[in-house]
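Colleague: This is the structure, below, for whatever I ask next.
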Amino acid sequence: TTEDQVNLPQSVTENKCELIKEVKNIIKNFDSVFSKDKYDVGALRVEPQRIVLNSDLPVSLRPYRTSPVEEQEKKSQVEKLLQAGLIKESNSPSSSPVTLAFKRDEGKKTRLCIDFRKLNALCKSDSEPLPLMDSLLDKLSKANFFPLWIWLLGIGMCPFTPKILKN
């Protein structure tokens, strides 16, 4: 069962019905903060991020070779992201190839991935190190609930300064 896979604490399984009612009430009372579908991700309200590059030359790479079926899937996903307002068209001299990652658990479903390795190689190192992921996960492990966006949002959802957007 799902409970066995997740290893829910006994206190949660004993009060599961009550917990489910509480969660449903929270969702009902605060429905405006919950996503309606996978494209309803909201926006981060943070200062635009600045990434300093070692070069002003644009990174311009060719698309990867893909089958016609994969090409159609990429176009379909890009169109959905455009319609949802999560991405916008650009005439930048820079380009990074897009590829599809197949989801293991869902058979043939895919997600769109951009290969930013070449651009990442040009990024100057930040003098302030990022926290260790293990430390962050340790802090999260004590929480009963945490927002799904912690896992779903990627770097593409952060606002960036105009200079970095052209790269």
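FYI, it's all coordinate maths here, none of it is from the lab. Because the structure is a prediction, the values reported are computed rather than measured.
Colleague: Tell me which residues come under 5 Å, amide H to amide H, from Val59 once H is placed; ignore anything under 5 positions away on its chain.
Modeller: Here the answer is Ser95, since their amide H atoms fall under 5 Å of that of Val59.
Colleague: Taking 0.36 nm per residue of sequence separation and subtracting the Cα-Cα distance, how much length would be gained by fully extending the chain between Glu71 and Lys36, in nm to one decimal?
Modeller: Contour length minus the Cα-Cα distance gives 9.8 nm.
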